[in-house]
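The block underneath contains the structure these notes are about, expressed in structure tokens.
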Amino acid sequence: MEKTVIKYRHCGRDVYSFSSYSQCQCPICHQTPTFGLLNAPVALSCPFTNGHKVSCAFLIGSIHGPSHLGEWSDSEIHVGLSNSEGLVYNYTLSGVRRDAGGWERCVCVCVCVRLARSWDAELEKFSALPEWTSERFEEERVFGSCCYGFALSFINHMLLLTGHECLSRDQFTQRHVLPRMKTVSRYINIYHAISQHGFYTANAPDDM
């Protein structure tokens with residue numbers, strides 16, 4: 001998903017394509033639109049982030065690539081936590097890994113920004129706890145925890161350090177994860193439609 005998606009409005013519809021601004025052709029009327037300053041095509045922001053360049057973040061990735069991160073996808077996702085040096089801590093069958101690569105195209109949820117100074121040290125100490133050994137992985141999997149449980153447990157640990165209340169899995173998912181994933185899913189839908197048909201249209205006004 002390397003191409004840039006552009007959006008413009010014509011024939012009362014929002015039109016999305018991969019075309020450059022100078023090559024826009026409305027798929028409805030097949031005319032080349034004339035744009036003014038206020039209605040010129042705009043490039044959509046890509047919802048995927050290089051997790052190794054974002055500090056103190058909750059990251060969501062897939063071994064199959066970003067196109068498998070949509071809400072409808074049944075492929076298994078993996079989550080991790082980035083530190084200030086670009087390492088991504090993630091709980092796996094081999095214990096807590098510290099990845100210097102592999103998270104270049106993921107979904108990023110920034111959390112606990114105020115605790116950035118102590119984040120790295122606390123994350124390293126937290127990762128060494130006996131709860132996150134390789135031997136405990138299958139046990140955590142039975143309870144539906146694993147990598148998500150590791151990441152959320154650490155975030156709650158950091159919240160407690162400042163006297164904030166912990167977040168349940170449902171609370172964190174509803175407040176922070178689902179809004180991002182809905183945006184990602186819509187972007188992927190649009191991208192796939194353009195790849196198959198050359199364009200995508202939606203009723204105006206559109207929120208993306």
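So, with a 1.4 angstrom probe, what is the percent of accessible area on the chain that is carbon and sulfur? List each step's numbers first, then the result.
On the way: 5980 of 11440 Å².
The nonpolar share, carbon plus sulfur, comes to 52 percent.
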Taking Cα atoms only, helix 178-197 is inclined relative to the longest principal axis of the chain by an angle, in degrees rounded to 10, of 40 degrees
Counting alpha carbon pairs within less than 8 Å and at least 6 residues apart, what relative contact order, in whole percent, applies to the chain? 26 percent
Cα-based helix-to-principal-axis angle, 146-161 vs the chain, degrees rounded to 10: 70 degrees
Relative to the present Cα-Cα distance, how much length would full extension add between Leu37 and Thr4 at 0.36 nm per residue of separation? 9.8 nm
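Run the numbers for Glu131 and Thr92: contour at 0.36 nm per residue of separation, minus the present Cα-Cα distance, in nm.
Details: separation 39, 0.36 × 39 = 14.04 nm, distance 1.23 nm.
Length difference between fully extended and current span is 12.8 nm.
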Label assignment, Kirkwood radius over Cα pairs in Å derived from the structure, set [x] 20.6; [y] 19.0; [z] 17.4: [y]
In the chain, once you exclude exposed GluC sites (Glu not before Pro) (DSSP loop, at most 12 other Cβ within 10 angstrom), what's the longest stretch remaining? 86-164
Identify which of Lys125, Lys53, Lys182 has the largest mean-square fluctuation in a Gaussian network model of the chain, with springs joining Cα atoms closer than 10 Å. Lys125
Those chymotrypsin sites (Phe, Trp or Tyr not before Pro) in region 128-198 that DSSP places in a loop and that have at most 15 other beta carbons within 10 Å: Phe143
Counting each DSSP H run of 4 or more residues in the chain as -39500 (n - 2.57), what helix-only mean residue ellipticity at 222 nm follows after dividing by all residues, to the nearest 500 deg cm²/dmol? -8500 deg cm²/dmol
Set of region 75-105 residues, backbone N closer than 11 Å to the point 7 Å along the Cα-Cβ line of Ile63: 76-78, 93
Just by accessible area at a 1.4 angstrom probe, what is the order of Thr49, Thr34, Thr4 from largest to smallest? Thr34, Thr4, Thr49
Per residue, how much accessible area does the chain have with a 1.4 Å probe, in Å²? 55 Å²
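The values are calculated or read from the model by the stated rules, or taken from the named source; none is laboratory data. Because the structure is a prediction, the values reported are computed rather than measured. Glycine also receives a Cβ, built like all others from the backbone with ideal geometry; neighbour counts cover every protein chain displayed. The accessibility values were calculated without ligands, DNA or RNA, using every heavy atom of the protein model including side chains. Shrake-Rupley method; radii C 1.70, N 1.55, O 1.52, S 1.80 Å.
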